[in-house]
1. Considering segment 74-103 alone, what residues qualify as being in contact with a helix residue (DSSP H, G or I) (Cβ under 7 Å, 6 or more places away or on another chain) and either closer than 20 Å to HIS130 by Cβ or surrounded by fewer than 24 Cβ atoms within 10 Å (Cβ to Cβ) (or both)?
2. Can you tell me which residue is surrounded by the most Cβ atoms within 10 Å (Cβ to Cβ) among those in segment 1-22 that are of a type outside the set (Ser, Thr, Tyr) and free of Cβ contacts under 8 Å to residues at least 12 places away in the same chain?
3. So for segment 83-90 (the condition being modelled with pLDDT of 85 or more and in a loop (DSSP other than H, G, I, E, B)), does at least one residue qualify?
4. Residues that are modelled with pLDDT of 90 or more and in contact with a helix residue (DSSP H, G or I) (Cβ under 9 Å, 6 or more places away or on another chain): list the strands (runs of 3 or more DSSP E) wholly contained in segment 290-360 that include at least 3 such residues.
5. Considering only segment 310-321, I want to know if a residue exists there that is surrounded by 17 or more Cβ atoms within 10 Å (Cβ to Cβ) and out of contact with any strand residue (DSSP E or B) (no Cβ under 9 Å at 6 or more places or on another chain).
6. I'd like the full set of residues that are at positive phi and under 18 Å from the mean Cα position of the chain (by Cα), limited to segment 299-324.
7. Restricting to segment 40-55, name every residue that is surrounded by fewer than 17 Cβ atoms within 10 Å (Cβ to Cβ) and part of a loop (DSSP other than H, G, I, E, B).
8. Select, from ALA264, ALA244, the only residue that is under 18 Å from the mean Cα position of the chain (by Cα) and in a strand (DSSP E or B).
Amino acid sequence: VLKVTEFISANDLASLMDVSVNQVIATCMSLGMFVSINQRLDAEAITIIADEFGYEVEFAKPDEEIEAAEEEDSVEDLQDRAPIVTIMGHVDHGKTSLLDYIRRSKVTADEAGGITQHIGAYDVRTSDGHKIAFLDTPGHEAFTAMRARGAKITDVAIIVIAADDSIMPQTKEAINHAQVAGVPMIFAINKVDKPNANPEKIKEELANMNLLVEDWGGKYQSQDISAKTGLGVDELLEKVLLEAEILELKANPNKRAVGTVIEASLDKGRGYVATIMVQAGTLKVGDIMLAGPHYGRVKAMFDHKGKKLSEAGPSTPVQVLGLGGAPQAGDTFKVYETEREAREIANSREQLLREQSMRTKKHITLDEIGRRL
Ligand code: GDP
Ligand code: MG
């Protein structure tokens, strides 16, 4: 039995189990999880990995009693929320181009002039007024890293496939990750502006993988697009909204905010800056938030155009200033009523991390002594 706490890193877990970190990472990869050495793992991942090495896990969670549960919602509190979309696919098939095209073309006139920042996520409004949020870190590494940390933020996955190419290894991986995560997929068959594009060949290849698109009588939505000219992109977004409608995505905007950290860093002039996705409730300037082991009062919030916001509701990505440290991508955040509450939990989480690293250090030392003897 392995006694661990949440937030343990792949490296620490490896030394606790007395195996090399490479073995742990290799095991993660064989399970479809991509982790780096110092990446912290979530409970589910720890359990699965430990099991692979023949260990049972016992979680120590001293902050359980003081940690307030998320407020419960009654049905009448729930309101429709925008879908959150991740774009995945093989390298050079056009993920970045598609994200850029959508961001450029969907900035409305009154918002123009603002300098677009790369904050890891953005949201747009379609021509008929519907909102869609995009995670702006294409590629399934980010997707799997988030999921390995237990973060579930993607509602719909767009799988980009270049029509002048074929289904490639990373296309298959992306499809596999979406399927494992139970996230519905829409195929965006890209580069149809190219003379050698052959979208039908791609659909045939999909069919050979048992993924029948609608044109072929199947259940998967697909759309021929050009991320270069914008052809088909509006139709693609409509299909995202259709998928979202089927999913009946809802959240209660009238409670303290909860959500997930997308990225965070230290900015020389502004202190710790975190891009977060609000998933339920409404985050307001002045709120006390806790993200991973860091807490603070929200000093200011910005959208991806650098526009100041005073509040952000469900499915809204925002950049937040005011945390006392940089949480990791995939950490959850929560707003607390009092600073004392947030501080206590932050302290206990930090202490857990410290104890953890002390324990693993001791372990390494004993281990090394053993080897020398
Ligand atoms: P990513 O690796 O999936 O992010 O792919 P990129 O967006 O970087 O695109 C790879 C290359 O394909 C770039 O040179 C793009 O300009 C080009 N490209 C992407 N989409 C299209 C498209 O719809 N039509 C054409 N002709 N080129 C495209
Ligand atoms: Mg790219």
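The values are calculated or read from the model by the stated rules, or taken from the named source; none is laboratory data. From a predicted model like this one, the values you see are computed outputs, not experimental measurements. Here the Cβ is made from the backbone with ideal geometry for all residues, glycine too, and neighbour counts use every protein chain on show.
1. PRO83, VAL85, THR86, ILE87, HIS90, VAL91, TYR101, ILE102
2. ALA14
3. yes
4. 294-302, 332-336
5. no
6. SER315
7. Scanning segment 40-55 gives PHE53, GLY54.
8. The unique qualifying residue is ALA264.
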